[in-house]
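Values quoted throughout were computed directly from the atomic coordinates according to the rules given, and no laboratory measurement underlies them. All figures in this text were calculated on a predicted structure; none of them were measured in a lab. Quick reminder, even Gly has a Cβ in these numbers, built from the backbone with ideal geometry, and neighbours come from all protein chains shown.
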Amino acid sequence: MAKILVIDDERSIRNSMKEILQFEGHEVIVAENGMEGLVAVKSGRPDVVFCDIKMPKMEGIEVLERVKEFSASTPVIMITGHGTIETAIESIRKGAYDFIEKPLDLNRLLITIKNATDKQELIRETQTLKSKVVKKHEMIGESAAMQRIRLLIEKVAASDARILVTGPNGSGKELVARQLHALSARKDNAFVEVNCAAIPSELIESELFGHEKGSFTSAIRQKKGKFELAHGGTLFLDEIGDMSAGAQSKVLRALQEQTITRVGGDADIKVDARVIAATNKNLKDEIARGNFREDLYHRLSVIIIDVPPLADRREDIEPLARHFLTDICSEMGIATRDIEPGAVQALQAGEWTGNIRELRNVIERLIILGGNPISAEDVNVYR
């Protein structure tokens, strides 16, 4: 049940609401004026606040504004009498969750509480999921290379500059892109990822720009492309070095004009997506071979962030291994395994051609097949 604060200067309203809501199983706090109500919000942290609009000393609209300053997510429901409907509507514009009219209707009162608490629960669940996503894509390591990358990310994340992330497969290029998005002004909007190497060349344009119904045999309905889905957010073009020549020219136009045209359509659609590209190829070599457009390269590489292979930052292997131990054991629902110093040294001696992705797979294998703690012998046998 919810903790509810009722702010009203009428004793009869306060007492009747308290009696009704306590009967329904809620915890109820009452306040007879705005100042007393604000103190109760700060000290009691209620789940829902009911606040009368017309009160002496401090009116309900001011109480609402003050509550939103220090507890923006708390739903505030305004209580309005005859002749204050316009004020109640104005309170919605200022952040009130809803308003109810006097005389209070029991069913409306209870439904409003349920809706408000359901919304709060959804907000909490969303925040929990976001924190899990952020943790999943956390950048681990304190090597000089990682510190340089973090510093560069902090410098460029706030801008809309296009960024090219380079590095071998499995080195963590996607983590860099997600960190750039998380620290940008676009963080509350979509992060849309496209693996250009995984999409057949004949479908890449439809994937990026969308298509109109009937534009080709399997186009049974209109489809928005990734550029549209990333509007207001970030579009991550992974393995851009594998993009077809036709798609490259259209991406160049989208970047130059900030417009796209769906396959089979003729209307220009404005898009506002920050583009971050990544590749494991040397694009200058690809340009020399005629496989990649030089003008597109210069559009994409305003800032270049190079992620070195794991073999070049071996001091990051131990924190990465311990991070994966905790993460994978949590996913499996088992206690976190420990790892012996000799096992860490054995891991640090590896080649790691598959980089961080290979290390994670090895740690998962060691959790399943190795002992506790994981020993150097385990690493040598199961790596």
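Structure values in brief
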item	result
Per-residue [θ]222 nm for the chain (sum of -39500 (n - 2.57) over DSSP H runs n ≥ 4, rounded to 500)	-14500 deg cm²/dmol
Point-to-point label distance, residue 142-residue 218, nm (Cα→Cβ direction, 7 Å offset)	5.0 nm
Relative contact order (%) - criterion: Cα under 8 Å, at least six apart; region: the chain	13 percent
Shape of region 311-382, Cα gyration tensor, a/c cut at 1.5	prolate
Förster radius 41 Å - calculated FRET efficiency between residue 151 and residue 259, Cβ distance, rounded to 0.05	0.75
Cβ-derived FRET efficiency at R0 25 Å, residue 183 paired with residue 345, nearest 0.05	0.10
Selected from 60, 89, 146, residue furthest toward positive end of dipole (the chain; charges at beta carbon)	146
Cα→Cβ-extended label distance, 7 Å offset, between residue 231 and residue 336, nm	4.4 nm
Alpha-carbon centroid distance for the pair region 47-98 / region 194-219, whole angstrom	49 Å
GluC sites (Glu not before Pro) within region 291-383, DSSP loop, no more than 11 other Cβ atoms inside 10 Å	351
Under 13 Å from residue 114, Cα to Cα: aspartates and glutamates that are on another chain or at least 8 residues apart	24, 47, 98
GluC sites (Glu not before Pro) within region 146-243, DSSP loop, no more than 13 other Cβ atoms inside 10 Å	202
Simple spin-label estimate for residue 162 and residue 202 in nanometres, 7 Å along Cα-Cβ	2.9 nm
Euclidean distance between Cα centres, region 298-319 to region 1-32, Å	58 Å
Ranked list, fewest to most other Cβ atoms within 10 Å of each Cβ, for 298, 231	298, 231
Within region 1-35, backbone nitrogen closer than 19 Å to the virtual label 7 Å beyond the Cα of residue 57 toward Cβ	5-15, 29-35
